[in-house]
Each structure stands twice: as C-alpha cells, then as structure tokens.
Amino acid sequence: RTVGIPSPRVEGEHKVGGGAKYAVDISLPDMLWAKVLRSPMAHARIKSMDIAKARALPGVVAVLTGADLAGAMIGKKIIDMPLLAEDVVRFMGEKVAAVAAESEAVAEAALELIEVEYAELPVLIDPLAAAKTDAPLIHPKVADYKGLLHKIETPSNVFVSLTWKKGVVEEGFRQSDVIVENTYTVPAIHQAYIEPHCSLVRVNNDGTAEVWSSNKSPFNMRDQVGNALQIPPASLVMHSCYVGGDFGGKGDGNDVALCYALAKRAGRPVKLLIDYTEELMAGNPRHGAVIKIKTGVKRNGLMIAEHIELIFD
C-alpha cells in the first residue's frame, strides 16, 4: 500500500506559491537591523577598541562588544565560542562587535566607524603541526570548558581523542599478503545552501523572548542560547521557519544569542541577516581532515585488517 505510490511533499505548494515563510520574511513593529564587525585576523590579541563614533551615529540604537558579554559562550557540544570575542580572536571572521540600528545601511556605516587595534599571534593552519605538544595554544583554558567529551589533563590543541578497536588488528596485518597505506587530505567545505543564516529575536516585558531563525533544530538551539545567556531555555519561544537549504549546516545556535543581547539592550526586536561573504568566512562549514588508512588484504581480495587515523581540523 506504500511502495511505488508517489508521496507529495507537503510543503511543496507553499514554496512554489510563495507562501512559505523563511526567517528573512518575518518583520516586526519597531524592528532594528543588526550587523557584526568581524576580525580580519586569523589569530590576534585585541589591544584596543573604540566604539564612540559608531555609538554616536544617528540611527544607531545599541553597540555591544566582548566586554558587554564577558563570559557568555555558546557551542553545540563543547562550549567554546564567545558571543563576541573578548581579548583574543581565533579565526578570520570572528565577531568582535555588534550594532543594532534603524536600517541595515546605518548599521553597516556604524561598523566602518569602529576602530580596533590588533596584535598578531601565531597562526596554525596544519592540524598535524597544531597537534604537537610544543604548538602555540589556541584555547589555553580548554580544560575548563563545559561539554568536553573527556577530561583534558594537559592543555593542548587536541581537545578530543577517541579510540575504537575490534579484534587483534596487529595480527591481521601479520597475516596479510598485501598492505596498502594512503593519506587523504580533505579541505574544509561549505554546504552552499541558498539561504544565508538569519535570526530575529523579540524580548518581551515578562522576561520571555520569541525567536525566528533559519535553523533545523529549534529545541537544541533553545538550550544552547539559554545556557549561553544564563536564562531558562523554556523562556524562549521558538517560531520554526522554513529552511532554505541545510545539508548539515543549520543545526547550531548561529546568531540568536547575540540578537537576544542586542534586543534586550535596545528594548526592540532585532534581526540579523548575514551576507554570503560572511557565510563563507564564518558560517560553520564542515572542517578539513587528514585521514591515514592502512589496509591489509589476502591475495584472494579478502580484507582482514584495517587501521584508520583521522585527524579532524
């Protein structure tokens, strides 16, 4: 009764007819537009930041820096991402300041007025070099982060180390007629969904907040945002929107927590729509990897041993 019978996509008519509502389609009364200033450095210390000119620009309602959100961090599993960088930036495109204004144009103009002085730090682009014990530490306090998969005895750039084993692999290689070894290098990729990330938050007088976001995991996002802001996750009302492409790229809290902070400071709803340059720079793609595979086989083609080392960047 099921196999071979076409099943129409229940959302197809809404999408084709233009009735589907995405996060970018939602507008609220007195809504402000947000923009974020991103680091041009891959790794640097923030020596100073001057936001006075941006704050004084007509149409600007709120400006936030890492000092305003000190200690607020977010993450899907390991809580390691500051809502706004505080003392150090750790990747090109990391958010260092946020502006809420009457229009996108005013918010963008305000970003141009923010002056930041950086002191460059060593950059690690090779995961094998980063894993060495003498490599500069990207997260010196990683052992204190919440959500770690296991205890970290000595701080290093290796924050997850897991091993799975079945059988006596070494004996399998001894019995193999042929052993093949290869190393594969996989670059970082972006899912290239058509819809960029968009977030809209309204903080209500009773302490609750309403959220619209291009996100496929509303309950996970609610928990992430609540934990980051130290507010009850149940106080966040998630309005699920259509997602314009995902492919594994829209399951995190993206910019909702930052929009909440801006909305609370401004006393008005705040929407943040990032452009595609920002998506490709800092949109949360799949990271690169170095994969070493050693395979033992018999002459009849039977594979009897395999050892895989995967270093995820």
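The values are calculated or read from the model by the stated rules, or taken from the named source; none is laboratory data. Predicted model only: the values in this text are computed from it and were never measured. Cβ: placed from backbone, ideal geometry, glycine included. Neighbour counts: every protein chain shown. Side chains included, ligands, DNA and RNA excluded: accessible areas come from the protein's heavy atoms. Shrake-Rupley method; radii C 1.70, N 1.55, O 1.52, S 1.80 Å.
Once the convex hull of all Cα atoms in the range 1-54 is built, its volume per residue stands at 230 Å³.
When the Cα convex hull of the range 131-176 is projected onto planes of every orientation, the mean area is 5.0 nm².
The listed peptides 16-25, 266-275, 202-211, ordered by packing as a protection proxy, come out as 266-275, 202-211, 16-25 (highest mean of other Cβ atoms within 10 Å first). Computed on the range 100-209, the Cα convex hull volume stands at 292 Å³ per residue.
Which of rounded, prolate, oblate describes the range 1-138, given a ≥ b ≥ c as roots of the alpha-carbon gyration tensor eigenvalues and a/c under 1.5 marking rounded, otherwise prolate only if a/b is larger than b/c? Oblate shape, in that a/c is at least 1.5 and b/c is the bigger or equal ratio. Relative to the first principal axis of the alpha-carbon coordinates of the chain, what is the inclination of helix 218-229, with its axis defined by its Cα atoms, in degrees from 0 to 90 and to the nearest 10? Long axis of 218-229 versus the principal axis of the chain: about 70 degrees.
From helices alone, the chain scores -5000 deg cm²/dmol at 222 nm; the rule is -39500 (n - 2.57) for each run of n ≥ 4 DSSP H residues, then divide by the residue total.
In angstrom, the C-alpha Rg and Dmax of the chain are 23.4, 77. In order along the range 181-190, the Karplus-derived 3J(HN,Hα) couplings, from 6.51 cos²θ - 1.76 cosθ + 1.60 at θ = phi - 60°, round to 10, 9, 10, 10, 10, 10, x, 5, 9, 10 Hz, and Gly and Pro are given as x. Looking at the chain, the accessible area is 57 square angstrom per residue; that uses a 1.4 Å probe and ignores ligands, DNA and RNA.
Assuming charge only on the beta carbon of Lys and Arg (+1) and of Asp and Glu (-1), the dipole of the chain about its Cα centre is about 900 debye to the nearest 20. From most to least packed by mean Cβ count within 10 Å, the peptides 102-108, 221-227 give 221-227, 102-108. When the trypsin sites (Lys or Arg not before Pro) in the range 146-192 are filtered for DSSP coil states and for at most 14 other beta-carbon atoms within 10 Å of their beta-carbon, the remaining sites are Lys146, Lys151, Lys165, Lys166.
Taking the accessible area of the range 165-296, probe 1.4 Å, and keeping the other protein chains in place, the carbon and sulfur fraction comes to 54%. For the peptides 249-256, 230-237, 30-37, 283-290, the ranking by mean Cβ contacts within 10 Å, running from highest to lowest, is 249-256, 30-37, 283-290, 230-237.
In vacuo Debye scattering of the range 9-89, one point per C-alpha: log10 I(q)/I(0) at q = 0.11 Å⁻¹? Computed log10 I(q)/I(0) values: -0.54. Only lysine pairs 8 or more places apart or on separate chains count here, and in the range 1-100 those with Cα atoms under 24 Å apart total 9.
Stokes-Einstein D for the range 62-160 at 37 °C, 0.692 mPa s, Kirkwood Rh over Cα pairs, in µm²/s? Taking Rh from Cα pairs, D becomes 210 µm²/s.
Start at zero, step by 10 Å, and the Cα-Cα distances of the range 137-288 spread as 9, 27, 27, 20, 9, 5, 2, 0 percent across the bins. What number comes out for the charge environment of Leu148, summing +1 per Lys or Arg and -1 per Asp or Glu over other residues with Cβ under 15 Å away? Charge balance in the 15 Å sphere: +2. Pairs of Cα atoms in the range 239-313 fall into 5 Å distance bins, from 0 up to the last occupied one, in shares of 3, 10, 13, 15, 12, 10, 8, 7, 6, 6, 4, 3, 2, 1, 0 percent.
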